[in-house]
Amino acid sequence: MNSDLSNYRKSYEKDTLLEKNLPESPFQLFERWFKEVDESFKDMEANAMTLSTIGLDGFPKSRIVLLKEFGTTGFVFYTNYNSEKGKAIAKNPQVCLSFFWELAQKQVIVKGFAEKTSNETSDSYFKSRPKGSKLGALASNQSEIIPDRAFIDNKLLDLETRYTSNEVPRPDCWGGYLVIPVEIEFWQGRANRLHDRIRYSKVNKDEWVFNRLSP
């Protein structure tokens, strides 16, 4: 069965991205866009991002993860280090993050290197999570094959009983990654598919240069 989507199209005309309005640092622009999206579109999960890695089988793979912190050092998310993405990052730390904020007609693409956060950082974030999320991290050997849904539900029930009144410990295999960017591209939808594309490239530790890319 074939589905013809050739007539699916929207005209993007909400905003512009011009050189005269660009800051020297891409992190300033990211913060500006993130706050705009977060404040203007309350139903949108602004911190949802696509993480792309190169798997152990040589294939690229993308999945949605949640951004939990960002600043001039990079972008932080948390996961199980023994998961498929964790094993992929261990072999090849070169990753890509992509934010697509459809209602704002904006996209940000980040190329960089992922490295584990410190145990102290991972501990601090884990303690801030709801108890159910903590138990979920203990219950799931992420990416491993399981027989059925009941298997994971029963593991969670057992853990709920075990930690009724006790503090849930952070598993050693669970923690954060900091993605240190070397390139950040900002994409603003424009009419006639002539979108604005500005790419910031890292020159040295604290210096970035930007260029306009053809749409």
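Residue-level analysis places S118 outside the set of residues that are modelled with pLDDT of 95 or more, among the hydroxyl-bearing types (S, T, Y), under 30 Å from E36 (Cβ atoms) and surrounded by fewer than 15 Cβ atoms within 10 Å (Cβ to Cβ).
The criterion of being under 26 Å from H195 (Cα atoms), touching a helix residue (DSSP H, G or I) at 6+ places or on another chain (Cβ under 7 Å), crowded, with 18+ Cβ neighbours inside 10 Å and not small (G, A, S) does not hold for V110.
For the structure I just gave you, tell me whether G71 is of a type outside the set (D, E, K, R) and under 27 Å from R199 (Cα atoms). Show your work before the answer.
On the way: of a type outside the set (D, E, K, R): yes; under 27 Å from R199 (Cα atoms): yes.
Taking the combined requirement at face value, the residue satisfies it.
Looking across segment 42-57, the residues that are surrounded by 14 or more Cβ atoms within 10 Å (Cβ to Cβ) and modelled with pLDDT of 95 or more come down to A46, N47, M49, T50, L51, S52, T53, I54, G55. Scanning segment 134-183 for residues that are of a type outside the set (A, V, I, L, M), more than 20 Å from T79 (Cα to Cα) and within 25 Å of the chain's Cα centre (by Cα) yields one hit, E183. Considering only residues in segment 11-32 that are of a type in the set (S, T, Y) and surrounded by fewer than 12 Cβ atoms within 10 Å (Cβ to Cβ), the one that is modelled with the highest pLDDT turns out to be T16.
Across segment 187-215, which residue is surrounded by the most Cβ atoms within 10 Å (Cβ to Cβ) among those that are assigned to a loop (DSSP other than H, G, I, E, B) and either at pLDDT below 95 or not basic (K, R) (or both)? It would help to see each step written out before you state the result.
The first filter runs over segment 187-215 and keeps only residues assigned to a loop (DSSP other than H, G, I, E, B), leaving 189-190, 194-195, 205-206, 214-215.
Now drop any that are not either at pLDDT below 95 or not basic (K, R) (or both), which leaves 189, 194-195, 205-206, 214-215.
Details: G189: 22, L194: 11, H195: 17, K205: 5, D206: 9, S214: 6, P215: 13.
The selected residue is G189.
For I184, are the conditions met, namely being at pLDDT 95 or above and either loosely packed, with under 12 Cβ neighbours inside 10 Å or in a strand (DSSP E or B) (or both)? Walk me through how you get there before you give the answer.
Numbers: at pLDDT 95 or above: yes; either loosely packed, with under 12 Cβ neighbours inside 10 Å or in a strand (DSSP E or B) (or both): yes.
Answer is yes for this residue.
Within segment 2-21, if we keep just the residues that are touching a strand residue (DSSP E or B) at 6+ places or on another chain (Cβ under 8 Å) and among the hydrophobic types (A, V, I, L, M, F, W, C), the residue that is nearest to R197 (Cα to Cα) turns out to be L17.
Given the criteria at pLDDT below 95 and not polar (S, T, N, Q), does D38 qualify?
no
The values are calculated or read from the model by the stated rules, or taken from the named source; none is laboratory data. Everything numeric in this text was worked out from a predicted model, so none of it was measured. FYI the Cβ positions are ideal-geometry reconstructions off the backbone, even for glycines, and counts take in every protein chain you see.
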